[in-house]
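**Q** Once you've had a glance at the structure underneath, I'll fire off some questions.
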Amino acid sequence: MKSIIVGTAGHIDHGKTALVKALTGIDADRLVEEKRRGITIDLGFAHMELPGANGETLRLGFVDVPGHERFVRNMLAGVGGIDLVLLVIAADESIKPQTREHFDILQLIGVQRGITVLTKSDAVDAETLDVVRLEVEEFLRGTFLEPPKSPIVAVSSLTGAGLENLKRAMVTATASVTPRDSHALARLPIDRVFTMKGFGTVVTGTLISGAIHKEEELEVFPTGLRVRVRGVQVHGHTADAAVAGQRTALNLAGASVEDLSRGMILAPPATFAATRRIDVKLRLLSSAPRPLQNRTRVHFHSHTMEEVAEVKLLGETQIAPGKSIFARLTLPRPALLLPGDRFILRQFSPVVTVGGGTVLDAAPIFPQTKKRGRANESPTAFAQLMQALESGSQDEILASRIMRRGQQGLSLVQAVAETGWTRGEITEFAATLAKKRQLMQTQDRMFTAQAYDLAQKSLLNAVSLFHEHDPLRPGMAKKELREEMTRAVEMAGELFEAALSSLVERKKLEGAVMREDEAESKKKIEEAFASAGLKVPALHEVLAGLTVDKVRAQKIVTLLLRDKILIKISDELVFHRAALEELRRLVVAQKLQHPKMDVAKFKELTGVSRKYAIPLLEYLDRERVTRRVGDAREIL
Ligand SMILES: Nc1nc2c(ncn2[C@@H]2O[C@H](COP(=O)(O)OP(=O)(O)OP(=O)(O)O)[C@@H](O)[C@H]2O)c(=O)[nH]1
Ligand SMILES: [Mg+2]
């Protein structure tokens, strides 16, 4: 069974809704006001089944749109998910403004298949019908609806004339519609929200990709609300699941109607991120009334959403009608958009469709505030990346996305969120790159081969610089090297580990980086002295308790002394800096009560033995905390 979405398009009163009713028996004008005024205001829905050419059943879901120029925004909310369009042109009126505008929109949105339907054939004579047919053929030349690839069918919804022809044409056209991918990650742009007695909150929409099952958990974008699918309906019937290409109704738990609205999108939880910035390929219609200036604000329509966006034409001041350009759009609120999504732009006044395009990147990472990102901000670098994202194969696109992350790499989770591809697909594209030796993979991050090489060079560099600056030190601690890499190039931890162990394995870094046990020893020495306070252990005792050899231990001590973490006050005595500072405070605090102090008093005050007291007092004299006066000390 093949499921596709058929959309109507065309000028007001040209017979779109009447045609849908003639085909399906369903009146898609559901609002009281629509019935009263005899026009369509908002989207309407219907469905039918047709026997396919090879005996399979074709399920057609219809989205009927309003033709009135004031309701183009509603039309735009419906056009996003359609696979096959019926471009409706009344034989007694021929091509009118919204015939053109809707047709522009269909082309910008990238609809691939359609049938042009000349309605109200009963209202004109054969000669008029022929003239209109010629006009329409001319209008369609060079487009996706050009005959004979796409037929023009004359019908009367009143008499039923031509309807069988139209159904046959629909069966043929449906056969050439590429089915939407039901194994892809699901996205359901919401077009209606309402409550149903006994059910609660219901949303409807065209499932544009993937599948949604009963009992599944979904995330609402952009709000992040989590909901549970209590029930699924497809074409008015309860189902276990809806698949891509189907009109879908979901009964949701966890959300009230106030939480949801047209424009929001349902997708798998914790998979995607909404964004306020998108990088796009944008085309201005030749019919646009004027060039589009940099930083213009426009109405932005994509899926069922509508926002005000600002257009940034990086490097250009304007774009002329009929031209295309890479640009960045900023939205006032985050939205869920993915590469490949189409959008429409309408100008502010008068509100008419002026252009549209394709999202190339919905996770732009530059301009960055960091210096390193600067190079990327140049319009040429931007255009290069856009070019690669626009016309590269899938593995090339993945390569570009990994490359721009540099030493940070791209995680699998990020790759899914950025592309909308499944983990399986990404793994497959990554394998292609790995085969070409363009990729280095850690457990869940991907780096380009260049980033990996560069990482190794940076490590070697940092270590040799370290030795140049500090020949005294036995080696650079791994932690120190790691910090250096975070500061200088923001190297991902996985890349650091991989590059380091490769260098050590190949003996490029042997002995250079301070081994773990050395770092450990350094910590032990420092701690031993810090906790001893003034009652310090003998140095040789501390050293004896270490795992490293004597020579290395001596070096570590030298280092601690040089950095003034340990302070030597006599040949035998070494103290931790903190202990001596504490002593200084203690002595100075005595000044008011006991401006003079002898050795006995000092011993009492500090609790140290004579062996320590004398050198400590001599140290304090040297530091000008005390001054020797006879046998006593004067506190300065
Ligand atoms: N004679 C004749 N009248 C038709 C035919 N199809 C539609 N009409 C009439 O044309 C008028 C408009 O038809 P709709 O189907 O509402 O037109 P629409 O394109 O849906 O209009 P909007 O949704 O408002 O854009 C109605 O009065 C219909 O009865 C037809 O084949 N023959
Ligand atoms: Mg209508």
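**Q** Considering (1) free of Cβ contacts under 8 Å to residues at least 60 places away in the same chain; (2) more than 12 Å from ligand 1 (Cβ to nearest atom); (3) closer than 25 Å to residue 349 by Cβ, say which one residue 76 fails and leave the rest.
**A** The single condition residue 76 does not satisfy is (1).
**Q** Being crowded, with 18+ Cβ neighbours inside 10 Å and within 16 Å of ligand 1 (Cβ to nearest atom): is that true of residue 157 here?
**A** Yes.
**Q** Give me a count of the residues in segment 306-361 that are over 19 Å from residue 222 (Cα atoms) and among the aromatic types (Phe, Trp, Tyr).
**A** Number satisfying all stated conditions: 2.
**Q** Are any residues in segment 445-466 of a type in the set (Ser, Thr, Tyr) and in a helix (DSSP H, G or I), and if so, which ones?
**A** 452, 458, 464
**Q** Kindly list, by first and then second residue, each pair from a residue in segment 323-343 that is small (Gly, Ala, Ser) to a residue that is not in a strand (DSSP E or B), limited to pairs with Cβ atoms under 6 Å and residues at least 6 apart or on different chains.
**A** As it stands, the answer is 327/313; 335/222; 335/274, since those pairs meet every condition given.
**Q** Next question. Kindly provide the set of residues from segment 8-22 that are within 7 Å of ligand 1 (Cβ to nearest atom) and aliphatic (A, V, I, L, M), ordered by number.
**A** Hits for segment 8-22 are 12, 18, 19.
Listed here are the residues, each with its yes/no results for (1) in contact with a Ser or Thr (Cβ under 9 Å, 6 or more places away or on another chain); (2) of a type in the set (Gly, Ala, Ser).
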site	(1), (2)
207	yes, no
211	yes, yes
220	no, no
224	no, yes
231	yes, yes
234	yes, no
237	no, no
245	yes, yes
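**Q** Here is a further query. Is segment 175-196 home to any residue that is in contact with a Lys or Arg (Cβ under 6 Å, 6 or more places away or on another chain) and in a helix (DSSP H, G or I)?
**A** Checking segment 175-196: not a single residue is in contact with a Lys or Arg (Cβ under 6 Å, 6 or more places away or on another chain) and in a helix (DSSP H, G or I).
**Q** So residue 116 fits all but one of (1) of a type outside the set (A, V, I, L, M); (2) within 11 Å of ligand 1 (Cβ to nearest atom); (3) buried (at least 24 other Cβ atoms within 10 Å of the Cβ); what number is the exception?
**A** It is condition (2) that residue 116 fails.
**Q** I'm checking my understanding of the structure. Among residues of segment 56-68 that are of a type in the set (A, V, I, L, M) and either free of Cβ contacts under 8 Å to residues at least 12 places away in the same chain or part of a strand (DSSP E or B) (or both), which one is farthest from ligand 2 (Cβ to nearest atom)?
**A** 58
**Q** Out of segment 449-459, which residues are over 30 Å from the mean Cα position of the chain (by Cα) and surrounded by 15 or more Cβ atoms within 10 Å (Cβ to Cβ)?
**A** Within segment 449-459, just 459 meets the criteria.
**Q** Return yes or no: is residue 263 at pLDDT 95 or above, at positive phi, not polar (S, T, N, Q) and not in a strand (DSSP E or B)?
**A** yes
**Q** Further, regarding this structure: For segment 517-611, which helices (runs of 4 or more DSSP H) that fit wholly inside it have 2 or more residues that are closer than 30 Å to residue 630 by Cα?
**A** Result: 577-589, 599-606.
**Q** If we keep just the residues of segment 27-43 that are of a type in the set (A, V, I, L, M, F, W, C) and away from ligand 1 (no atom under 11 Å from the Cβ), which is surrounded by the most Cβ atoms within 10 Å (Cβ to Cβ)?
**A** Residue satisfying both the conditions and the ranking: 31.
**Q** What's the total number of residues in segment 300-321 that are assigned to a strand (DSSP E or B) and buried (at least 20 other Cβ atoms within 10 Å of the Cβ)?
**A** Final tally of qualifying residues: 7.
**Q** Please go through segment 27-55 and pick out each residue that is in contact with a helix residue (DSSP H, G or I) (Cβ under 9 Å, 6 or more places away or on another chain) and assigned to a helix (DSSP H, G or I).
**A** Of everything in segment 27-55, just one residue is in contact with a helix residue (DSSP H, G or I) (Cβ under 9 Å, 6 or more places away or on another chain) and assigned to a helix (DSSP H, G or I), namely 34.
**Q** Under the condition of being closer than 15 Å to residue 155 by Cβ and not in a helix (DSSP H, G or I), which residue from segment 117-132 is farthest from ligand 2 (Cβ to nearest atom)?
**A** Only one residue fits best here, namely 124.
**Q** Of all residues in segment 15-26, which are away from ligand 2 (no atom under 11 Å from the Cβ) and either touching a helix residue (DSSP H, G or I) at 6+ places or on another chain (Cβ under 9 Å) or of a type outside the set (S, T, N, Q) (or both)?
**A** Passing the criteria: 22, 23, 25, 26.
**Q** Out of the residues in segment 186-210 that are touching a residue at least 12 places away in the same chain (Cβ under 8 Å) and surrounded by fewer than 20 Cβ atoms within 10 Å (Cβ to Cβ), which is nearest to residue 57 (Cα to Cα)?
**A** 204
**Q** Read through the list (1) among the β-branched types (Val, Ile, Thr); (2) surrounded by fewer than 23 Cβ atoms within 10 Å (Cβ to Cβ); (3) within 10 Å of ligand 2 (Cβ to nearest atom); (4) within 17 Å of residue 177 (Cα to Cα), then give the number of the only condition that residue 12 fails.
**A** Result: residue 12 passes all but (4).
**Q** Follow-up. Could you pull out the residue among 106, 145, 129 that is away from ligand 1 (no atom under 16 Å from the Cβ), modelled with pLDDT of 95 or more and not acidic (Asp, Glu)?
**A** Of 106, 145, 129, the one residue that is away from ligand 1 (no atom under 16 Å from the Cβ), modelled with pLDDT of 95 or more and not acidic (Asp, Glu) is 145.
**Q** Listed residues 92, 104, 29, 42; which is within 13 Å of ligand 2 (Cβ to nearest atom) and touching a Ser or Thr at 6+ places or on another chain (Cβ under 9 Å)?
**A** Answer to the selection: 29.
**Q** Can you find even one residue in segment 514-529 that is touching a Gly at 6+ places or on another chain (Cβ under 6 Å), crowded, with 17+ Cβ neighbours inside 10 Å and under 28 Å from residue 469 (Cβ atoms)?
**A** Within segment 514-529, one or more residues are touching a Gly at 6+ places or on another chain (Cβ under 6 Å), crowded, with 17+ Cβ neighbours inside 10 Å and under 28 Å from residue 469 (Cβ atoms).
**Q** Under 9 Å by Cβ, and 6 or more places apart or on different chains, what pairs join a residue from segment 613-628 that is of a type in the set (Asp, Glu) with one that is in a helix (DSSP H, G or I)?
**A** As it stands, the answer is 623/580; 623/584, since those pairs meet every condition given.
**Q** So which residues in segment 422-452 are of a type in the set (A, V, I, L, M, F, W, C) and touching a helix residue (DSSP H, G or I) at 6+ places or on another chain (Cβ under 7 Å), if there are any at all?
**A** The answer is 426, 429, 430, 433, 439, 440, 446, 447, 451.
**Q** Can you name the condition, by its number, that residue 3 falls short on among (1) within 15 Å of ligand 2 (Cβ to nearest atom); (2) among the small types (Gly, Ala, Ser); (3) touching a residue at least 60 places away in the same chain (Cβ under 8 Å)?
**A** Only one criterion is unmet by residue 3, namely (1).
The values are calculated or read from the model by the stated rules, or taken from the named source; none is laboratory data. Since this is a predicted model, take the numbers as computed values, not measurements. Here Cβ is always computed from backbone atoms with ideal geometry, including for glycine, and neighbour counts include all displayed protein chains.
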